[in-house]
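The values are calculated or read from the model by the stated rules, or taken from the named source; none is laboratory data. Predicted, not measured: the structure shown is a model, and the values here were computed from it. Every residue, glycine as well, gets a Cβ built from its backbone with ideal geometry; the counts of neighbours run over all protein chains shown.
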Amino acid sequence: MLKEGAKYHSGLEEAVIRNIEACKALSTITRTSLGPNGMNKMVENSHEKLFVTNDAGLMIKEMDVVHPAAKMVVMASEMQESEIGDATNLVVVLTGELLQQAESLIRTGLHISEIINGFNKAGVKALEFLEDLAVHRIEDPRNPTQVDQVLRSVVSSKQHGYEDFLSPLISQACIQVLPKNANNFNVDNVRVVKILGASVLDSKLVKGFVVDKGVEGTISHVKNAKIAVLATGLETAKPETKGTVLLETAEQLKEFSKGEEKQMEEIVKSIAAAGVNVVISGGAVSVLAMHFLERYKIMVIKVPSKFNLRRVCRAVGASPLVRVGAPTPEEIGHCHEINQEEIGSTAVTVIKQTEDDSGVSTIVLRGSTQNILDDVERTIDDAVNVYKGLLKDPRFVPGAGASEIEIAKRLQQVAESTPGVSQYAIRRYGEAFEVVPRILSENAGLDSTSTLSELYAAHAAGQTTFGVPAQEAKVADAVAAGVFDLLAAKYSAIKLATNCACTVLKVDQIIMAKPAGGPKARQPRSADADEPDV
């Protein structure tokens, strides 16, 4: 029925077990990076760019995963990243552990449909239990102390040791740009500018927008700025078609140049007459235009990136102009002060707003290497996404594996009261949650078996908030240690992991079409080969 060359796998051993093995392999790669004591991975992508990170979202994005079942786990992780922005590693680790538990059930003789049925029942129960475990709630998202307390756990999980410095910085940046209607919070309004040099502890927050380059002319400081944003740049208009001008005398050449100068001066004069004292250009600014802008005391800033230009407009309340000429009063942006500063050896332009204006906040990030800057930027992005999540659901559950071990304990009680073979799947589903405290204890250098038994004993005694906090390096109260996880992030991760595991288990046949014909790409030849180049 199929073309010659097509591959076909079916049955438990060939299809289901192979899919489970692929997903387990992906989970094994990322699991050691879970938590504050997680290890870094060195990933080199297809473009030979090197990443050293413990961020599972980036690892999965840069790894070239080929196996179709493992790709499902990648898609689940990407969905978690796009919806919540955090807990991507939990999705991968939990999916891998659920499939490992399913594999042992399959080998003992349980049918796949019974396992899926049990997993689905247990998944519903796990989400119910999770909502019961909420121990903390943010009453006021504009209170820096309350926000700092919960963002500390997010920062600590990626940049352990910097949480005391970065958490207040991120909290303040998020609160500054929070609009009156909290549902309209935009994560893009918290911007990061990376400047190489110094230490992470030298980073600072600027209320406004920071352009990572200096001004174009000699004017480097303007107060009470009125800003025109030109999306197309500022240079003389070019004709649509090519033309030839015959100049026979020197006078004609002089008049031709004067006409061009007069035209540009009229444009700049009209901009200055509108009250504009700063021009931000998204395109090229000609030498002639610069001459007249300097004459009329107008500061010039070039922002070549379209995305940054859009953010500048949001920060100053301007409309980008696609025409060359004077802006209307409605199109002019305003800001308190624009100043060129030098941070390290890099000239930057700081567009500052007053404290009352909510527009854009910029975290000027310092670091000794580009890799550290990139890693801290990803941590800030995760924390800002958690802040966005708490605006929708302000509930938090105890972190450090406390929630997972409590869910595992309760699911075992559910399994004991469930008749039929579903109880085996429910029990194994609950045991899969042990993976989080086990990894946290292993990464902290503890014995995972004794740690799990201590946790079960503590939870059986009613201490439902006990986990393995990184700062304690032992079984302790996660709430007292200030370790919280956003309930919405964990809820989404459990849901996605359960659905992904069940989807992988449902696949009992793998059919791969014959590869397309045509010439194959040449393989790179080794450097010591004797054959001459063709």
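Phe51 versus (1) closer than 24 Å to Val384 by Cα; (2) surrounded by fewer than 16 Cβ atoms within 10 Å (Cβ to Cβ): which is the lone unmet condition?
Against the list (1) closer than 24 Å to Val384 by Cα; (2) surrounded by fewer than 16 Cβ atoms within 10 Å (Cβ to Cβ), Phe51 comes up short only on (2).
Looking at (1) modelled with pLDDT under 85; (2) under 30 Å from Asp381 (Cβ atoms); (3) of a type in the set (A, V, I, L, M), which is the only condition Leu98 fails?
(1)
If the Cβ limit is 6 Å and pairs must be 6+ apart or interchain, which residue in region 322-341 that is in the same structural domain as Ser270 (by TED's automatic domain parsing) pairs with which residue that is hydroxyl-bearing (Ser, Thr, Tyr) and assigned to a loop (DSSP other than H, G, I, E, B)?
Val322/Thr232; Glu331/Ser319; His336/Thr354; Gln340/Ser220
Please determine, by comparing only the residues of region 82-98 that are surrounded by fewer than 24 Cβ atoms within 10 Å (Cβ to Cβ) and in contact (Cβ under 8 Å) with a residue 40 or more places away in the chain, which one is nearest to Thr53 (Cα to Cα).
Result: Gly85.
Across region 7-38, what is the number of residues that are at pLDDT 55 or above and outside any helix (DSSP H, G or I)?
Summing the residues that are at pLDDT 55 or above and outside any helix (DSSP H, G or I) in region 7-38 gives 9.
Within region 434-462, count every residue that is in a helix (DSSP H, G or I) and small (Gly, Ala, Ser). Step through it out loud before you land on a result.
Quick first cut of region 434-462, residues in a helix (DSSP H, G or I) only: 435-443, 448-460.
From what is left, the residues that are small (Gly, Ala, Ser) are 441, 448, 450, 453, 457-458, 460.
Qualifying residue count for the region: 7.
If you go through region 67-80 one residue at a time, do you hit one that is of a type in the set (Val, Ile, Thr), part of a helix (DSSP H, G or I) and touching an Asp or Glu at 6+ places or on another chain (Cβ under 7 Å)? Break it down into steps so the answer makes sense when it comes.
Residues of region 67-80 of a type in the set (Val, Ile, Thr): 73-74.
Next, from what is left, pick out any that are part of a helix (DSSP H, G or I): 73-74.
Of the ones still in play, those that are also touching an Asp or Glu at 6+ places or on another chain (Cβ under 7 Å) are none.
Looking through region 67-80, none of the residues is of a type in the set (Val, Ile, Thr), part of a helix (DSSP H, G or I) and touching an Asp or Glu at 6+ places or on another chain (Cβ under 7 Å).
Output the number of residues of region 439-490 satisfying the condition of being of a type in the set (Lys, Arg) and at pLDDT 80 or above.
Final tally of qualifying residues: 1.
Looking only at region 295-322, count how many residues are farther than 11 Å from Val229 by Cβ and in a loop (DSSP other than H, G, I, E, B).
5
Determine whether region 507-515 contains at least one residue that is at pLDDT 85 or above, closer than 30 Å to His111 by Cβ, in the same structural domain as Val93 (by TED's automatic domain parsing) and not basic (Lys, Arg).
Initially, region 507-515 is screened for residues at pLDDT 85 or above, giving none.
Looking for residues that are at pLDDT 85 or above, closer than 30 Å to His111 by Cβ, in the same structural domain as Val93 (by TED's automatic domain parsing) and not basic (Lys, Arg), one finds none in region 507-515, hence no.
Applying the selection to region 28-41, what residues are within 27 Å of Asp508 (Cβ to Cβ) and touching a Leu at 6+ places or on another chain (Cβ under 8 Å)?
none
Given (1) part of a loop (DSSP other than H, G, I, E, B); (2) more than 22 Å from Ala478 (Cα to Cα), identify the lone condition not met by Glu139.
(2)
For the structure I just gave you, tell me whether Ala497 is closer than 14 Å to Leu133 by Cβ and at pLDDT 75 or above.
no
Against the conditions (1) modelled with pLDDT under 80; (2) under 27 Å from the mean Cα position of the chain (by Cα), where does Gly367 fall short? Just the number, please.
Of everything listed in (1) modelled with pLDDT under 80; (2) under 27 Å from the mean Cα position of the chain (by Cα), Gly367 misses just condition (1).
Within region 395-416, track down each residue that is touching a Pro at 6+ places or on another chain (Cβ under 7 Å) and modelled with pLDDT of 85 or more. It would help to see each step written out before you state the result.
We begin by selecting, within region 395-416, every residue touching a Pro at 6+ places or on another chain (Cβ under 7 Å); these are 400-401, 404-405.
Answer for region 395-416, where residues must be touching a Pro at 6+ places or on another chain (Cβ under 7 Å) and modelled with pLDDT of 85 or more: Glu404, Ile405.
Across region 419-433, what is the number of residues that are outside any helix (DSSP H, G or I) and surrounded by fewer than 19 Cβ atoms within 10 Å (Cβ to Cβ)?
Qualifying residue count for the region: 3.
Considering only region 184-202, I want to know if a residue exists there that is in a loop (DSSP other than H, G, I, E, B), more than 30 Å from Glu261 (Cβ to Cβ) and either touching a helix residue (DSSP H, G or I) at 6+ places or on another chain (Cβ under 7 Å) or of a type in the set (D, E, K, R) (or both). Break it down stepwise before answering.
Restricting attention to region 184-202, the residues satisfying the condition of being in a loop (DSSP other than H, G, I, E, B) are 185-186, 198-199.
Those left that are additionally more than 30 Å from Glu261 (Cβ to Cβ): 185-186, 198-199.
This time we only want the ones that are either touching a helix residue (DSSP H, G or I) at 6+ places or on another chain (Cβ under 7 Å) or of a type in the set (D, E, K, R) (or both), so: 185.
Yes.
Of the residues Gln172, Gln146, which is buried (at least 16 other Cβ atoms within 10 Å of the Cβ), assigned to a helix (DSSP H, G or I) and free of Cβ contacts under 8 Å to residues at least 24 places away in the same chain? Even if it seems obvious, please write down each step before you answer.
Working: Gln172 fails: free of Cβ contacts under 8 Å to residues at least 24 places away in the same chain.
Being buried (at least 16 other Cβ atoms within 10 Å of the Cβ), assigned to a helix (DSSP H, G or I) and free of Cβ contacts under 8 Å to residues at least 24 places away in the same chain holds for just one of Gln172, Gln146, which is Gln146.
For region 275-289, how many residues meet the condition of being within 41 Å of the chain's Cα centre (by Cα) and surrounded by fewer than 19 Cβ atoms within 10 Å (Cβ to Cβ)?
5
Would you call Ile407 out of contact with any helix residue (DSSP H, G or I) (no Cβ under 6 Å at 6 or more places or on another chain), β-branched (Val, Ile, Thr) and either in contact (Cβ under 8 Å) with a residue 24 or more places away in the chain or farther than 29 Å from Ala481 by Cβ (or both)?
So Ile407 fails the test.
For region 325-390, give me every one of the strands (runs of 3 or more DSSP E) that falls completely inside it and has 2 or more residues that are closer than 26 Å to Val155 by Cα and in contact with a strand residue (DSSP E or B) (Cβ under 8 Å, 6 or more places away or on another chain).
Working: elements: 333-343, 346-352, 361-367.
Once the strands (runs of 3 or more DSSP E) in region 325-390 are filtered for at least 2 residues that are closer than 26 Å to Val155 by Cα and in contact with a strand residue (DSSP E or B) (Cβ under 8 Å, 6 or more places away or on another chain), what remains is 361-367.
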